[in-house]
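Novice: Just dropping this structure here.
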Amino acid sequence: MSEAATEKRPREIDTATISDADIERERAQIGVPQYEHGLSFNRVVSEDAIRHYAFGFVADDNPLWHEPDYGATTRWRGQIAPPLFLTTVGINETPKYSTPEEKALFKGLYRGVGRYNVGTNWQLFRPLRAGDVIYVEMSVAKVEVKANSAFSGARTVLDAIRHLYVDRNGMPVAVRFENFINAERGGSKKVSKHADIKRQVYTPEDIAKIDEVYAAEQIRGATPRLWEDVSVGDEIVPVAKGPLGTLDIIAAHLGWGLGSTYGAGPLRYNWKTRQKLGAFFSEDQFGVPRSMIRLHWDQDRAEELGLPAPYDYGQMRSNWLTHAITNWMGDDAWIAKLDTLIRGFNFHGDTTIITGKVVNKRDENGIRLVDLELVGTNQRGEATCDAKATIRLPSREAGPIVLPQPDEELRERGARMMAEAVERNRNKR
């Protein structure tokens, strides 16, 4: 090996562009089940996996996620997982692409282009418990192209990936649409508008104000929030998240399993991934090939892209918004629908305060519902994320909630998923 360098390598500008060919290939993928490299982080739901996710990724100390004995005293009769825990599970049984045409269609898209999570849309049908095995089918659901987007000033592609989660019987557990913007980094207005922002420096008084929000947080828990007692305009108790730091990103990796989710890992796993997905890596300032996701913890990489600091994962804020909802609604309620929107970067050093209120209340054929709107605001007064949620609440008059049911299309697709997988396995004998 050569002697250690005394100076960092000069900054290299990302110049990757979005090609017409890639856009057409992604459009051709709409509705086609996709093979996924690697295994889900959790092949079987376990008490520890649930607890680690709540601790590391959501930073939510609700005992319903952590303590089986506590869960046994609730309507769920045991520990259940936080609502968005599904992002860590899901065995994908879609077979590998076998023909040259399939391989060409699903070869990596938009290489070297920035890909940003901008929110999720969820329908949730039942909770996950220890011992559950979940299967997932994923496919492109939407592709939209903007020639001169407000995001970057250059061409961007907005796509949505549908994830259908089913149990061993093929019954849908949830469906999720993950929304992304693919943007050419070189001309990104979103990046350049943050170029003059400095990492936040806090005074003891600033920290004391954040600590007050942490101290005032309320977990509704075992006290039912009855539909009759809720009024439009009611506000939730705020939830604090921050100041964000590297430890929070490490904890997120431990709880969420980003090694499997993003196809990277430590040491030999990193090397193996690099042999398959070389375009997912670039050399750092010391000449070492590193995963592109290092911009979530690597200060130098953030500065190369014109950012003041690394930033979080969009899924973290989706979970933070959900944390504020479950705090408010209590153990006996259920999030039926959730739409989150990630509006901007959440840099290391930033603090997010999540607030929200009830915006609607209604009775739909005996199902007692409320709608919440939430927003996450940083210390600069910028709204960086928000959510809309529909909650099923227990009722003094109507009694406990009834879990929502998937529609016919989802039930049919779930049953077909499992039947197709069984047939493939039978043919392997």
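Novice: What residue among LEU393, LEU254, ILE91 has its Cα farthest toward the positive end of the dipole of region 20-427, where the charges are +1 on Lys, Arg and -1 on Asp, Glu, each on the Cβ?
Specialist: So the residue we want is ILE91.
Novice: Another one. Starting from the coordinates of the alpha-carbon atoms of region 220-308, obtain the Kirkwood hydrodynamic radius over all distinct pairs and give the value in Å to one decimal.
Specialist: Averaging 1/r across every pair of different Cα atoms and inverting gives 16.6 Å.
Novice: How large is ³J(HN,Hα) for each residue in region 235-250, as worked out from phi by the Karplus curve 6.51 cos²θ - 1.76 cosθ + 1.60 (θ = phi - 60°), to whole Hz, x for Gly and Pro?
Specialist: With the stated coefficients, region 235-250 comes to 9, 7, 6, x, 10, 9, 9, x, x, 5, x, 4, 4, 5, 6, 4 Hz.
Novice: Which ³J(HN,Hα) values in Hz, rounded to whole numbers, follow from the phi angles of region 378-390 under the Karplus curve 6.51 cos²θ - 1.76 cosθ + 1.60, where θ = phi - 60° and Gly and Pro get x?
Specialist: Each residue's phi maps through the Karplus curve to give 8, 5, 8, x, 8, 7, 9, 7, 8, 8, 10, 9, 10 Hz.
Novice: Based on the alpha-carbon gyration tensor of region 27-79 and its eigenvalue square roots a ≥ b ≥ c, which shape applies: rounded if a/c is under 1.5, prolate if not and a/b is larger than b/c, or oblate?
Specialist: In terms of gyration-tensor shape, prolate.
Novice: On to the next question. When only C-alpha pairs under 8 Å and at least 6 residues apart count, what is the relative contact order of region 20-427, in percent?
Specialist: Once divided by the residue count of region 20-427, the mean separation gives 19 percent.
Novice: Roughly what % of Cα-Cα distances in region 22-122 sit above 18 Å, to the whole percent?
Specialist: Every Cα pair in region 22-122 considered, those over 18 Å come to 64 percent.
Novice: Something else now. Test of understanding: ordering VAL402, VAL375 by Cβ neighbours within 10 Å, fewest first, what list do you get?
Specialist: VAL402, VAL375
Novice: Right, something else. Mind giving me the FRET efficiency for ARG426 and TYR35? R0 is 25 Å, r the Cβ-Cβ distance, nearest 0.05 is fine.
Specialist: Efficiency at R0 = 25 Å is approximately 0.80.
Novice: How much length would be gained if the chain were fully extended between ARG115 and ARG43, taking 0.36 nm per residue of separation minus their Cα-Cα distance, in nm to one decimal?
Specialist: Here the segment from ARG115 to ARG43 would lengthen by 23.3 nm.
Novice: Kirkwood Rh over alpha-carbon pairs of the chain, then Stokes-Einstein at 20 °C and 1.002 mPa s: what D in µm² s⁻¹, rounded to an integer?
Specialist: 93
Novice: Moving on to the next point. Tell me, what is the percent relative contact order of region 10-162, built from C-alpha pairs under 8 Å that lie six or more residues apart?
Specialist: This gives 32 percent for region 10-162.
Novice: Moving to a separate point now. Within region 348-373, list the residues whose amide N lies under 12 Å from a label point set 7 Å along Cα→Cβ of ASP234.
Specialist: Within reach of a label on ASP234: 357-362, 369-372.
Novice: Could you please rank ASP61, ASP248, placing first whichever residue has the fewest other Cβ atoms within 10 Å of its Cβ?
Specialist: ASP61, ASP248
Throughout, read-outs are computed from the coordinates displayed, never taken from laboratory work. The structure displayed is predicted, hence computed values, not measured ones. Quick reminder, even Gly has a Cβ in these numbers, built from the backbone with ideal geometry, and neighbours come from all protein chains shown.
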